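Here the structure is laid out as structure tokens; the discussion comes afterwards.
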Amino acid sequence: MTVTFSEVTKVYQGKKPAVENLNLEVHTGELLVLIGPSGCGKTTTLRMINRLEEPTHGKIQIDGRDIEKFKEEELRRGIGYTVQQTGLFPHMTVKDNIEVVPRLLKWPKDKRDERVRELLAMVNMDFEEFAHRYPRQLSGGQQQRIGVLRSLAADPPIILMDEPFGALDPISREVLQIELKKLQARLQKTIIFVTHDIDEAIRLGDRIAIFQTGQLVQLGSPQEIVKNPVNEFVASFIKKNYQFETSNLSLKALDLASVDFHPYESHDDRIILSIDGSDDFYLVDSDHRFIGTISKENVKANQITADKVLQPIRVYDSVQNILSIFKDVNTLPVVDDGNKLVGVITSLSLMNAVARLVGGNES
Amino acid sequence: MTVTFSDILSASFVHLYLSLIGTFAGGLIGFIVAVLGRNHARILTVFLTIAELIQTFPSIAMLALLLLVFGLGNNTLIVALALYGIMPVLQNTYEGLSAVDPMLIDVGRGMGMTKRQVLRRVELPLTFPMILAGFRVSLVTSIGIATIGVFVGSGGLGLFIYRGLQMLDNQIMLEGAVPAAILAILVELLIGLLERRLAKR
Ligand SMILES: Nc1ncnc2c1ncn2[C@@H]1O[C@H](COP(=O)(O)OP(=O)(O)O)[C@@H](O)[C@H]1O
Ligand SMILES: [Mg+2]
């Protein structure tokens, strides 16, 4: 289902507009990340979709139908909603929490039971062990997982997530990101995901919408945004996390790299990532620091140690340098000054870079 | 005149029964006022003030006044207990409802609950332990006040206490006073236990 904002403005009484003239179409089955500094209007944008806030001006449509035309409660029961503080009801068990919307929709008991089992199984939580616990008897990561499952419970086509992993420690956060990515690959929901963490945005987003004081300033794939920030604001927002100079015209390592990682799996505090165009997997720690590469075979065999310790290159290494190394290897991990893995150069990403140079735009 | 064990037992039951009815009626009024008035601060303040005023009224005077309206018998006592029972439940329900995290209400609405469903499924269950605490306080008080119900002709343990005092017979007096004290302590302990059970979740 698509969600379309047309000239949407939201003004809270006596304040500057929280969202100003927003035009945005969220495509069916995509995970769109809304990102920007605190107070830039992300939450307001999200909450206008399920009508927890009403726009001051403009309209919002779902599959072409104005959301004003729905009955408020019916609209919301068809849209999953997850918030940062988990929003789990402390007086309800895990099962009761997950069942909230199915109950509102008057699903019969058998169907609800089955659904809870199915959902818990999706995140490898044992029904017998967890279904009858209260939220406070769960770890932060488990609570947030239940929050996500709850928003999926009635199988809504659209899901809104407001910094769902924002309060978690880095390890749990990355584990949940991986799970979400897997769920999404399987379920193909239309997800609108708010975060202020650019790493998370790049990892999860099919597209990223960057907001600044109520305005949408850039919308594009993670790659487009990392490589072609439209202005200083976006550039500095990204640069906080990726310490390289994007405006410099001479090509650097990162310009040749693919940055579109897919979290594959996590093991304790280590995370395995894959990337298009490379058969190898990449092992990083919870802070995304590069540990090494692992062959596909070893990952399949659950052999989670770096088997090749490829010397990574720095984001600002020159093209000459890179090409001289690249003769001998298939892929080259790229790290920043903090040894964080920010991209991988593969034959595919090199070709894309050349195509961009020749064609002058993104593939 | 001797008092048998079964006399004490049946008087204790009557005593508890009268206290429960009065407290329950008052609690219900307090609860309803708190729920309906939770978004109307001014109206609620009026009710709270009245309920507080009632609380300061000496129980003997209250019974005497009500006697004029309701006559001799259990009714006068029950009405008095109900009046005293409004305030603890009203106050606790109101405070409990105000203390519910607005985020939870927001999430309930966001998932498609109506306002009434939010009240029934989120706000009230979360407030329940506090409502119960209010009820406990008022029931314990009622058990005490009910002992003077004998002056307006109601049943219960007060009769033994009154008779014992009149006849200067300590044993009869204690046969009323001790069970009343035990009732109060039992109520305090049992409901308190239930509250702690609920709070553990
Ligand atoms: N309920 C509200 N009442 C008044 N102002 C609000 C309300 N919610 C948000 N705002 C204001 O609107 C702006 C955008 O807030 P928000 O959408 O929460 O931003 P973000 O989620 O990006 O941090 C902020 O200036 C904030 O103070
Ligand atoms: Mg926000």
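Using Cβ point charges alone (K and R +1, D and E -1), the dipole size of region A:3-246 about the Cα centre works out to roughly 400 debye.
Subtracting the Cα-Cα distance from 0.36 nm times the residue separation, let me have the gained length for B:GLN166 to B:LEU28 in nm, one decimal. Provide the component values of the computation, followed by the final result.
Values: separation 138, 0.36 × 138 = 49.68 nm, distance 3.71 nm.
Separation in residues times 0.36 nm, less the Cα-Cα distance, equals 46.0 nm.
Taking the DSSP beta bridges with both ends in the protein assembly as shown, the antiparallel portion is around 65 percent. Listed values for region A:277-282 are Karplus-derived 3J(HN,Hα) couplings in whole Hz (6.51 cos²θ - 1.76 cosθ + 1.60, θ = phi - 60°), namely x, 10, 7, 7, 10, 10, and x replaces Gly and Pro.
Determine the calculated [θ] at 222 nm for chain B from helices alone, applying -39500 (n - 2.57) to every DSSP H run no shorter than 4 residues and normalising by the residue count; nearest 500 deg cm²/dmol. -27000 deg cm²/dmol, from helical runs alone. The ellipsoid that matches the Cα gyration tensor of the protein assembly as shown has semi-axes, each √(5λ) in whole angstrom, of 67, 26, 18, with the longest given first. All Cα-Cα distances of chain B, cut into 10 Å bins from zero to the largest, leave 9, 30, 30, 18, 9, 3, 1 percent in each bin in turn. When the Cα atoms of region A:30-180 are aligned to their principal axes, the ranges along those axes come out at 49, 39, 28 Å in descending order.
Over region A:251-362, what is the percentage of antiparallel beta bridges among all DSSP beta bridges, to the nearest 5?
Details: 22 of 24 bridges.
Restricted to region A:251-362, the bridges split so that about 90 percent are antiparallel.
Among the lysines, which fall within straight-line cross-link reach of B:LYS200, defined as a Cα-Cα distance under 25 Å, with same-chain neighbours fewer than 8 residues apart omitted? Cross-link targets: A:LYS95.
The phi-based Karplus calculation (6.51 cos²θ - 1.76 cosθ + 1.60; θ = phi - 60°) puts the 3J(HN,Hα) values of region A:200-217 at 4, 4, 5, 5, 9, x, 6, 9, 10, 10, 9, 10, 9, 5, x, 10, 7, 9 Hz, whole numbers, x for Gly and Pro. Comparing mean-square fluctuations of A:ASP280, A:ASP96, A:ASP337 from a GNM of chain A with C-alpha springs under 10 Å, the top value falls on A:ASP337.
Region B:7-45 and region A:18-58 have Cα centres lying 48 Å from one another.
Relative to the longest principal axis of the Cα atoms of chain A, helix A:170-187 runs at roughly 70 degrees. Across region A:321-334, computed HN-Hα scalar couplings (Karplus, 6.51 cos²θ - 1.76 cosθ + 1.60, θ = phi - 60°) run 4, 5, 5, 5, 6, 5, 3, 9, 10, 8, 9, 9, x, 10 Hz from first to last residue, x flagging Gly and Pro.
Taking amide H positions as placed 1.01 Å from N in the peptide plane, with prolines and chain starts having none, which residues 5 or more places from A:ASP162, or on another chain, fall under 5 Å of its amide H? Excluding prolines and chain starts, which carry no amide H, the hits are A:THR82, A:VAL83, A:GLN84, A:VAL194.
Taking the 0 to 90 degree range and rounding to the nearest ten, how far is the long axis of helix B:5-37 tilted relative to the main principal axis of chain B, both from C-alpha atoms? That works out to roughly 30 degrees.
Treating only the Cα positions of region B:60-122 as identical point scatterers, give the base-10 log of I(q)/I(0) from the Debye formula at each q in 0.24, 0.30 Å⁻¹. Taken in order of the listed q values, log10 I(q)/I(0) reads -0.94, -1.13.
Close amide-amide hydrogen proximity is noted between A:SER258 and A:VAL344, A:ILE345, A:THR346, each under 5 Å apart and 5 or more residues distant or on a separate chain (H modeled in the peptide plane; Pro and chain starts excluded). Let's test the formula: R0 of 41 Å, r as the Cβ-Cβ distance of A:ASN21 and A:ILE325. What FRET efficiency results, to the nearest 0.05? That gives a FRET efficiency of 0.30. Cα centroid separation, region B:119-188 to region A:136-175: 49 Å. In chain A, a dipole from Cβ-located charges (positive for Lys and Arg, negative for Asp and Glu) runs towards its positive end, and of A:GLN61, A:MET1, A:GLN218 it is A:GLN61 whose Cα lies farthest in that direction. With contacts taken as Cα pairs under 8 Å and at least 6 residues apart, chain A reaches a relative contact order of 16 percent. Round to a whole angstrom and tell me the spacing of the C-alpha centers of region A:81-132 and region A:319-335. Using only Cα atoms to place each centre, the spacing works out to 49 Å. Placing R0 at 22 angstrom, the Cβ-Cβ distance between A:ARG289 and A:LYS239 gives a FRET efficiency of 0.75 after rounding to 0.05.
Quick note: the coordinates plus some simple rules give every number you see, no bench work behind them. Note that the structure is predicted; figures quoted are calculated from it, not measured. Methodologically, a virtual Cβ is constructed for each residue, glycine included, from the backbone with ideal geometry; neighbour enumeration extends over all protein chains shown.
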